[in-house]
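Enquirer: Before we start, here is the structure in question, set down as structure tokens.
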Amino acid sequence: MEDNGTNSFKMVPGRSAPPGAGAPAVDPADEKSAGTPLPPGMSNIELPEITDAGGVDVAELVRETRVFDVLDELDTELVGLAPVKTRIREIASLLIVDMMRRRAGLDSERPTLHMSFTGSPGTGKTTVALRMATVLHRLGYLAKGHLVAVTRDDLVGQYIGHTAPKTREVLKRAMGGVLFIDEAYYLYRQENERDYGQESIEILLQVMENQRQDIVVVLAGYKDRMETFFQSNPGMGSRIAHHIDFPDYTLDELMAIAKLMLQQQRYDLSPEAEQAFHELIEIRMTRPRFANARSVRNALERARLRQAGRLVSGGQGFLTKDDLMRIEAADIRKSSLFKADAEAAGTPASENAHTG
């Protein structure tokens, strides 16, 4: 970089690692052929040398990388999860400082970035992993910044000689990005001595250690099961630097998520429908297989189906734009959950439908 007497920096497309990390440059043409071209503005940073007498404007660096723009989008996209968002910002800040330290000659080991996301289904783990991939790409820690989400079935074969090729193929697709393994504890089945999951784990361990500059692995699942998994596989646990727990959403947060989903789909709830949906989610939270935001989305999809049936089959004739957008209480209260809850309480379903 030409020295112009100021500590400025410039964007350099195609660099796969922070300056000084020793990773080879990535040809943008290769990225395009791999199906993940660099979007405009998502190049990486070349900093000037930082001397004892000089420095770099960290605020300008943050603006140029637009890293916190991604995190601001995450704030808008995901309701709640304050501890999770704080931790992700801390990791982003660590990487920004690591970049500056390298240019100041303060070399240290590249930060370990493999992570464990624990929590119930529907708490935003995949979304956060996707945004984290973008952050790592913008800062130059990943060449592409894409996300490959898999489960045990994508990694483990059913017969001898099948697991290694499956696992290596997934790793090949994930190189330069984030590999997200959901319900990772299913890779290890201690009760089955002939299970092939251990072979996949051993391959993952090798890549997580020897190619950690090329890929970030995120292991996800229920907290208690992940703890058992790490106890049974200490080598895997020792390679995870960041353990992030995703709490369940509160009822108020789930209602806020519902309103955000409706806004994105250009729907709204009548006041009576909002009250009915509040009651519906409150009931659903007590039932088996509740999945937080996923359950909210599914409940809204069923309400849309009932609204469509009401509008088309109800003989209303002329429909306004408001009619097409508004979900009524009847579209909510026809849920079987109200009937089941009324039967459990000994209240006739028809009476419950009018008193909620």
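Enquirer: Among 92, 133, which is the only one that is touching a His at 6+ places or on another chain (Cβ under 8 Å), at negative phi, part of a helix (DSSP H, G or I) and buried (at least 18 other Cβ atoms within 10 Å of the Cβ)?
Expert: On inspection, the qualifying residue turns out to be 133.
Enquirer: Would you confirm, using the coordinates I've provided, whether residue 342 is hydrophobic (A, V, I, L, M, F, W, C), at pLDDT below 95 and surrounded by 18 or more Cβ atoms within 10 Å (Cβ to Cβ)?
Expert: Against the criterion (hydrophobic (A, V, I, L, M, F, W, C), at pLDDT below 95 and surrounded by 18 or more Cβ atoms within 10 Å (Cβ to Cβ)), residue 342 qualifies.
Enquirer: Exactly one of (1) over 22 Å from the mean Cα position of the chain (by Cα); (2) aromatic (Phe, Trp, Tyr); (3) modelled with pLDDT of 95 or more is unmet by residue 180. Its number?
Expert: Residue 180 satisfies all of (1) over 22 Å from the mean Cα position of the chain (by Cα); (2) aromatic (Phe, Trp, Tyr); (3) modelled with pLDDT of 95 or more except (1).
Enquirer: Okay, next question. May I ask you to say which residue of 280, 305, 311, 324 is buried (at least 17 other Cβ atoms within 10 Å of the Cβ) and not basic (Lys, Arg)?
Expert: 280
Enquirer: Could you grab me the full set of residues in the range 305-336 that are within 26 Å of residue 283 (Cβ to Cβ), of a type in the set (Gly, Ala, Ser) and in a helix (DSSP H, G or I)?
Expert: Passing the criteria: 308, 309, 329, 330, 336.
Enquirer: Would a scan of the range 305-327 turn up a residue that is under 22 Å from residue 127 (Cβ atoms) and touching a Ser or Thr at 6+ places or on another chain (Cβ under 7 Å)?
Expert: no
Enquirer: Does any residue of the range 97-110 turn out to be at positive phi, of a type outside the set (Lys, Arg) and either open to solvent by less than 20 Å² (accessible area, probe 1.4 Å) or at pLDDT below 90 (or both)?
Expert: Yes: the range 97-110 contains one or more residues that are at positive phi, of a type outside the set (Lys, Arg) and either open to solvent by less than 20 Å² (accessible area, probe 1.4 Å) or at pLDDT below 90 (or both).
Enquirer: Scan the range 219-252 residue by residue and report those that are touching a residue at least 24 places away in the same chain (Cβ under 8 Å), open to solvent by 50 Å² or more (accessible area, probe 1.4 Å), over 21 Å from residue 200 (Cβ atoms) and outside any loop (DSSP other than H, G, I, E, B).
Expert: 223, 243, 245
Enquirer: Taking the options 122, 140, name whichever one is assigned to a loop (DSSP other than H, G, I, E, B), under 20 Å from residue 253 (Cβ atoms), at pLDDT 85 or above and open to solvent by less than 30 Å² (accessible area, probe 1.4 Å).
Expert: 122
Enquirer: I've got another one for you. Answer yes or no as to whether residue 269 is in contact (Cβ under 8 Å) with a residue 40 or more places away in the chain, among the aliphatic types (A, V, I, L, M) and open to solvent by less than 70 Å² (accessible area, probe 1.4 Å).
Expert: Yes, satisfied.
The values are calculated or read from the model by the stated rules, or taken from the named source; none is laboratory data. What you see is a predicted model, and the numbers here were worked out from it, not measured in a lab. A quick note on method: Cβ atoms are made from the backbone with ideal geometry, for glycine too, and the neighbour counts reach across all protein chains shown. When the accessible area is computed, the model is the full protein with side chains, heavy atoms only, and any ligands, DNA or RNA have been set aside. Shrake-Rupley method; radii C 1.70, N 1.55, O 1.52, S 1.80 Å.
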